[in-house]
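These notes concern the structure reproduced below.
Read-outs: derived from the displayed coordinates by stated rules, not from any lab. Here the structure is a predicted model, which is why all the values come from computation and not from measurement.
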Amino acid sequence: MEYESRLVQVVSTGYCPCSICCGKDADGKTCTGRDAYLEGVAVDPSIIALGSRIDIPGYNRGSNSNGSWILADDVGGAIKGHRIDVRFKTHGEAKKWGKKKIKIRVWTKK
Ligand SMILES: [Zn+2]
């Protein structure tokens with residue numbers, strides 16, 4: 001499978017699978033059915049396709065199952081336009097990420 005990449009400037013925030021971040025119906029799964037305790041990113045699919053591979057500077061959970069890239073595997077009510085929500089295991093880590101403007105590289109299937 002061939003991928004092409006582009007740079008996208010986004011505002012990023014952090015979230016985790018907890019009920020504070022995901023509401024009382026949080027079920028530990030992303031919208032694509034993936035385990036929400038794995039690393040991943042919520043995106044606006046009109047800007048970044050679900051299934052894209054994303055390089056996010058500064059995001060390293062140390063146990064990334066994919067290597068250096070992170071899978072776009074979720075969406076969010078507040079994630080519209082050039083916004084991403086980077087997923088962590090714990091609420092503390094998500095808070096620590098804060099809110100920052102970053103440039104990410106997005107790899108999508110050709
Ligand atoms: Zn949380």
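List of remarks:
- The slack in the chain from Trp107 to Lys89, taken as 0.36 nm per residue of separation less the alpha-carbon distance, amounts to 4.1 nm.
- Taking every alpha-carbon pair under 8 Å whose residues sit at least 6 apart, the chain reaches a relative contact order of 48 percent.
- In Hz, Karplus ³J(HN,Hα) per residue of the range 99-110 (6.51, -1.76, 1.60; θ = phi - 60°; x = Gly, Pro): 9, 8, 7, 9, 10, 10, 9, 10, 9, 10, 5, 5
- Helix-only mean residue ellipticity at 222 nm for the chain, each DSSP H run of n ≥ 4 adding -39500 (n - 2.57), per residue, nearest 500: -2000 deg cm²/dmol
- Within a Gaussian network of the chain (alpha carbon springs, distance under 10 Å), most fluctuating of Asp85, Asp27, Asp73: Asp27
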